[in-house]
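Notes follow the structure.
Any read-out appearing in this document is the output of simple, stated calculations on the displayed coordinates, not a laboratory observation. Source: prediction; values computed, not measured. Neighbour counts run over all protein chains shown; Cβ positions are idealised from the backbone, glycine included.
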Amino acid sequence: MIIESFTKIFERDIFKIIAELNQYNDEKLIWAKQGLVSNSAGNLVLHLIGNLNHFIGFALGNTGYVRTRELEFSTTFRSRDEVINDLHETISMVKTSLGKLNDESLNSIFPLEYNGEKVTVAHMLMHLLTHLNYHVGQINYHRRMIGAAQ
């Protein structure tokens, strides 16, 4: 039951990102940087896709995903449709990977160390959700800031 809740919340919040991306008047603005804002919304989205595919897909779902974190922040443009497609694939991956778990597995040790320490699967999933939502807020702010500047 708890795994189902994690899955639904990840899905809900990834759909929030899709809604944000669809609100940009011009898809080029998704990749805009302004002032002291060093990350575009597009780069934040790629970062979240990489993060979730690494920590959920690779670590829990055995997907074989290989993360190239530097590309998450150095990519300067991909179409909105491509990124949204990747987000839909990320939702599918989360559902499949978390579907392999049960509530008892939440107390097991997460397969990868996080910041040099061993944590439980539940701890890591909670961290991943808060990380996701931190960046959802940044993406929302980016959209409103970039839109207001145009």
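With respect to (1) farther than 24 Å from residue 105 by Cβ; (2) among the polar types (S, T, N, Q); (3) touching a residue at least 24 places away in the same chain (Cβ under 8 Å), the lone exception for residue 51 is condition (1).
Looking across the range 102-150, the residues that are surrounded by 15 or more Cβ atoms within 10 Å (Cβ to Cβ), β-branched (Val, Ile, Thr), out of contact with any Lys or Arg (no Cβ under 7 Å at 6 or more places or on another chain) and in a helix (DSSP H, G or I) come down to 121, 139, 146. Cβ-Cβ distances below 9 Å connect no pair with a first residue in the range 2-25 that is within 14 Å of residue 88 (Cα to Cα) and free of Cβ contacts under 8 Å to residues at least 60 places away in the same chain, a second residue that is outside any helix (DSSP H, G or I) and of a type outside the set (Val, Ile, Thr), and a separation of six or more residues or different chains. For first residues located in the range 56-83 and in a loop (DSSP other than H, G, I, E, B), partners that are among the charged types (D, E, K, R) and lie 6+ apart or on another chain with Cβ distances below 8 Å form the pairs 60/100; 61/100; 77/28; 79/27.
On the basis of being out of contact with any helix residue (DSSP H, G or I) (no Cβ under 7 Å at 6 or more places or on another chain) and surrounded by 12 or more Cβ atoms within 10 Å (Cβ to Cβ), does residue 47 make the cut? Criteria not met by residue 47. Contact list please: Cβ distance under 9 Å, first residue in the range 95-113 and farther than 18 Å from residue 52 by Cα, second residue β-branched (Val, Ile, Thr) and in a helix (DSSP H, G or I), pairs at least six apart or on different chains. Short answer, once both residue conditions are applied: 102/3; 103/2; 103/3; 105/3; 105/121; 107/121; 108/121.
Looking only at the range 20-30, decide whether some residue is assigned to a helix (DSSP H, G or I), touching a His at 6+ places or on another chain (Cβ under 9 Å) and either polar (S, T, N, Q) or over 17 Å from residue 74 (Cα atoms) (or both). Taking every residue of the range 20-30 in turn, at least one turns out to be assigned to a helix (DSSP H, G or I), touching a His at 6+ places or on another chain (Cβ under 9 Å) and either polar (S, T, N, Q) or over 17 Å from residue 74 (Cα atoms) (or both).
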